[in-house]
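Trainee: Can you read through this structure? Questions will come right after.
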Amino acid sequence: MKALMAVLVLALAVPSAAQEKSKKDEKKQAPAPAASSPDQLMREAEQKAAAGDKDGAAELLRRAVAMPTATGEPSMRLGRLLEGKYEFDAAIDAYKVAGDKLTGAAKGEALGRMAVLQQVRGMPEASATAQAAAAADPQGVWPAIAQARALAREGKGDEAIALAQKVAATGGAAASSALGYAQEAKGDLGAAEASYRAALNDPEQKAIASVGLARVLRKTDRAGEAEPILKKAIEDAPGAVEAYKESARVKIALGRASEAVGDAATAAALAEGDVEAQKLVQEVGVAQALAYLSTNQPDLAIQDLTKIRDQHDSAEVRVGLARAYIAKRQGDLAATELQKAVELEPTNAEAQYRLGYVQHLLKRDATAAVAPYDKAVAADPSNLDYHTALAAALVDAKQFDRAATEAGKVTQAAPKRADAWIYLGAAQLGAKRFKDAIAALDKGAVLAPTNAQAEAYLAWAYFGLKDATNFKLHAGKAKALGHKEPTLLDYLARVEKGEPIK
């Protein structure tokens, strides 16, 4: 009986096992569900991105891009997503794929976006990509943005501004950032700062606009404000070569050249084809040698710079060596190095500026200084030091109207620069516009309350207005601050004795 029951159980179990095996076989043989289409994956990616899952969205878009039937649209969307995540290299690759597949306006946008990121990454092909974008869509917004940035980089500020303004209403933050870059190239740093700040709130443009803003802050003597902005930009976008380059320059401006070494080296490593990044490494070395000047050891600076020059001759090293000679008041040796620097690189703005400095302040020839100062300003119109030096030389050369124009550019861009206000006042005084002179000099004197020359200029302005009371006030202050000009002191003594101003 027990044997019979066992046989029955076995008999019942066999069909059940067979049925289970059959079901498994059916599962194995069932066709796989049809793969999602690129359009479906893009829709799903859009939902994930909206929910904050950008990594998940990027993975879906990569699957869409890999499909044989994919157009350039998934690549375009992937590029924009990666750009917003500051994954610039991957975004550039995605835009390249999109540009190869798309046509017309879509192709122009892909290539325009690609060109902007290539510039941020320090890639020399950025200009060629911008031209290709314009060829694909001559009237497009992104091609215009890319071209505006390329023109600004070439120093063509007016053309760049015109192009950026053309798409300002439709290009959003990217157009605002491009406009800032163009305004910076022209030297209008106040307008550039406003344009960069307007672009900061856009996630795609924040890193790019931050670097531009930091650059303007450094150029307007606010390097300390620029440093934390760059630190955040590098944290957000570790591939942004321009951020590392500017960080190095900010640290040099803050007198910390040794700390700039790492930033310069990183920029050079990330952008092997970027000549500017490679030169920056040498600039940092020069700045380190020049640090000896702050401790009154110019001979050590000369020793280090001569060694660098003999190993790797360049305009930057020659300029650095000239600066060390200037510190020793050795004008002829400085001029020799600067002339060689100009021969090596005629458009080197710093070499022209230092050459003007030697002529103006060491050789006391203001008229001879104007030409090199002019060249420095033309090569780098955004540098306020160059404009200020030119204004000072023009005052001494008695070219008062030009001097007022140059000094006015500086006071507009950097209203806290006392020297610019003083030179503006001096220019107005020379042109006998006494009230305008007083307005400018008052601002300079507030910013630099111990500047004897500002007080002397104010005294002469009031003398021109025959205002004896204020003449005595400011001439007295100038004298107390150590002003030694015999003519002013003579007139002060006479007016104090009651002689009227005629």
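The values are calculated or read from the model by the stated rules, or taken from the named source; none is laboratory data. Everything quoted here is computed from the prediction, not taken from an experiment. Because the Cβ atoms are built from the backbone with ideal geometry, glycine has one as well, and the counts that use them run over all protein chains shown. Keep in mind that these areas ignore ligands, DNA and RNA; they rest on the heavy atoms of the full protein, side chains included. Shrake-Rupley method; radii C 1.70, N 1.55, O 1.52, S 1.80 Å.
Trainee: Before we move on, is Ser195 hydroxyl-bearing (Ser, Thr, Tyr), under 11 Å from the mean Cα position of the chain (by Cα) and more than 16 Å from Gln118 (Cα to Cα)?
Mentor: Working: hydroxyl-bearing (Ser, Thr, Tyr): yes; under 11 Å from the mean Cα position of the chain (by Cα): no; more than 16 Å from Gln118 (Cα to Cα): yes.
Considered against the rule, which asks whether it is hydroxyl-bearing (Ser, Thr, Tyr), under 11 Å from the mean Cα position of the chain (by Cα) and more than 16 Å from Gln118 (Cα to Cα), Ser195 comes out as no.
Trainee: Here is a list: Thr411, Thr450. Which entry is open to solvent by less than 30 Å² (accessible area, probe 1.4 Å), within 39 Å of the chain's Cα centre (by Cα) and under 30 Å from Glu350 (Cβ atoms)?
Mentor: One residue alone meets the criteria, Thr411.
Trainee: If I filter segment 113-130 for residues that are outside any helix (DSSP H, G or I) and under 15 Å from the mean Cα position of the chain (by Cα), do I get at least one hit?
Mentor: Checked segment 113-130: at least one residue is outside any helix (DSSP H, G or I) and under 15 Å from the mean Cα position of the chain (by Cα).
Trainee: I want to confirm something. Restricting to segment 83-138 and keeping residues that are of a type in the set (A, V, I, L, M, F, W, C) and open to solvent by 40 Å² or more (accessible area, probe 1.4 Å), which single residue is nearest to Glu46 (Cα to Cα)?
Mentor: Val97
Trainee: Select, from Leu441, Leu489, Leu473, the only residue that is crowded, with 19+ Cβ neighbours inside 10 Å, part of a helix (DSSP H, G or I) and modelled with pLDDT of 95 or more.
Mentor: Leu441
Trainee: Which residues, counting only those in segment 446-499, are among the small types (Gly, Ala, Ser) and within 23 Å of Ala418 (Cα to Cα)?
Mentor: Passing the criteria: Ala448, Ala452, Ala454, Ala456, Ala459, Ala461, Gly464, Ala475, Gly476, Ala478, Ala480, Gly482.
Trainee: For the condition touching a residue at least 24 places away in the same chain (Cβ under 8 Å) and either surrounded by 20 or more Cβ atoms within 10 Å (Cβ to Cβ) or in a helix (DSSP H, G or I) (or both), what is the one hit in Ala209, Ala164, Ala194?
Mentor: Ala209
Trainee: Between a residue in segment 318-331 that is over 18 Å from Lys307 (Cβ atoms) and any residue that is open to solvent by less than 20 Å² (accessible area, probe 1.4 Å) and not aromatic (Phe, Trp, Tyr), which pairs come within a Cβ distance under 7 Å, given they are 6 or more apart or on different chains?
Mentor: Pairs found: Ile326/Ala334; Ile326/Val358; Gly331/Val358.
Trainee: Only one of Glu259, Glu246 is more than 21 Å from Gly212 (Cβ to Cβ), part of a helix (DSSP H, G or I), out of contact with any Phe, Trp or Tyr (no Cβ under 7 Å at 6 or more places or on another chain) and at pLDDT 95 or above; which? Show your work before the answer.
Mentor: Working: Glu246 fails: more than 21 Å from Gly212 (Cβ to Cβ).
Among Glu259, Glu246, only Glu259 is more than 21 Å from Gly212 (Cβ to Cβ), part of a helix (DSSP H, G or I), out of contact with any Phe, Trp or Tyr (no Cβ under 7 Å at 6 or more places or on another chain) and at pLDDT 95 or above.
Trainee: Being closer than 15 Å to Val120 by Cβ, open to solvent by less than 50 Å² (accessible area, probe 1.4 Å) and part of a helix (DSSP H, G or I) is the filter here; which residues of segment 267-276 pass it?
Mentor: Answer for segment 267-276, where residues must be closer than 15 Å to Val120 by Cβ, open to solvent by less than 50 Å² (accessible area, probe 1.4 Å) and part of a helix (DSSP H, G or I): just Ala267.
Trainee: Give me the pairs: first residue in segment 467-482 and within 9 Å of Ala452 (Cα to Cα), second residue at pLDDT 95 or above and open to solvent by 70 Å² or more (accessible area, probe 1.4 Å), beta-carbon distance under 7 Å, and six or more apart or on different chains, which are they?
Mentor: That search, which allows pairs on different chains as well, returns Leu481/Thr450.
Trainee: Something else: Provide a single number: the residues in segment 178-191 that are among the hydrophobic types (A, V, I, L, M, F, W, C) and either modelled with pLDDT of 95 or more or surrounded by fewer than 23 Cβ atoms within 10 Å (Cβ to Cβ) (or both).
Mentor: 4
Trainee: Just the residues that are of a type in the set (S, T, N, Q) and closer than 16 Å to Ala426 by Cβ, please, taken from segment 455-502.
Mentor: Result: Thr487, single match.
Trainee: Follow-up. Assuming Ala150 fulfils every condition listed in (1) open to solvent by less than 40 Å² (accessible area, probe 1.4 Å); (2) free of Cβ contacts under 8 Å to residues at least 60 places away in the same chain; (3) not in a helix (DSSP H, G or I) apart from one, which condition is it?
Mentor: (3)
Trainee: Of the conditions (1) part of a helix (DSSP H, G or I); (2) closer than 22 Å to Val167 by Cβ; (3) free of Cβ contacts under 8 Å to residues at least 40 places away in the same chain; (4) open to solvent by 60 Å² or more (accessible area, probe 1.4 Å), Arg80 satisfies every one except a single condition; which number is it?
Mentor: In the conditions (1) part of a helix (DSSP H, G or I); (2) closer than 22 Å to Val167 by Cβ; (3) free of Cβ contacts under 8 Å to residues at least 40 places away in the same chain; (4) open to solvent by 60 Å² or more (accessible area, probe 1.4 Å), Arg80 misses (3) alone.
Trainee: Separate question: Of the conditions (1) surrounded by fewer than 24 Cβ atoms within 10 Å (Cβ to Cβ); (2) touching a Gly at 6+ places or on another chain (Cβ under 9 Å); (3) β-branched (Val, Ile, Thr), Thr405 fails just one. Which one is it?
Mentor: Tallying (1) surrounded by fewer than 24 Cβ atoms within 10 Å (Cβ to Cβ); (2) touching a Gly at 6+ places or on another chain (Cβ under 9 Å); (3) β-branched (Val, Ile, Thr), Thr405 fails exactly one: (2).
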